[in-house]
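Following: one structure in structure tokens, then a few remarks.
The values are calculated or read from the model by the stated rules, or taken from the named source; none is laboratory data. Note that the structure is predicted; figures quoted are calculated from it, not measured. Cβ placement follows ideal geometry from the backbone for every residue including glycine, while neighbour counts extend to all protein chains displayed. Just the protein is used for accessible areas: all its heavy atoms, side chains included, with ligands, DNA and RNA removed. Shrake-Rupley method; radii C 1.70, N 1.55, O 1.52, S 1.80 Å.
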Amino acid sequence: MSGRQQRWDSFKFKEIWDRKRDRWLSPGRPSDDGKRINLPKIGAVKCKFHRPLEGTPKTLQIVLDVDQWYAIYTCEVDTKSLSGKWLK
């Protein structure tokens, strides 16, 4: 890193969904038809979703791994929808 160290290699947003209003809070909200996510104090950041989000989003962690940043969403999924898809 040419003598300069990065300050963080990850950060986490513990709450990204408003349960009372059933809508996104500011951090992690997809915009621009899912081509960007909103990060506070950074702005809209380009991203590539490898699969659609399923269920209700709970947390978002931004992680630096081998010079690339990744967004990791944790979602709450109904067990009924999981039973037929993953459990056999």
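Solvent-accessible area assigned to carbon and sulfur over region 11-61 amounts to 47 percent, based on a 1.4 Å probe. Restricting the calculation to Cα atoms, region 5-84 yields a radius of gyration followed by a Dmax of 13.6, 47 Å. Here the simple spin-label model places points 7 Å from the Cα toward Cβ, and for Thr79 and Leu53 these points are separated by 2.5 nm. Annotation: amide H-H contacts under 5 Å for Cys47 (H modelled 1.01 Å from N, sequence separation of 5 or more, or interchain): Arg36, Ile37. For Lys48, the aspartates and glutamates whose Cα falls under 17 Å of its own Cα, not counting residues fewer than eight places away in the same chain, are Asp32, Asp33, Asp65, Asp67. Compute the distance in nm between two label points, each set 7 Å from the Cα along the Cα-to-Cβ direction, one at Val63 and one at Arg7. Here the modelled spin labels are 2.2 nm apart. Count Lys and Arg as plus one, Asp and Glu as minus one, and take only other residues whose Cβ is under 15 Å from that of Asp22; the net charge is then +2. Using a cut-off of 17 Å between alpha-carbon atoms, which aspartates and glutamates can reach Lys14, once sequence neighbours fewer than 8 places away in the same chain are excluded? Result set, ordered by chain and number: Asp22, Glu76.
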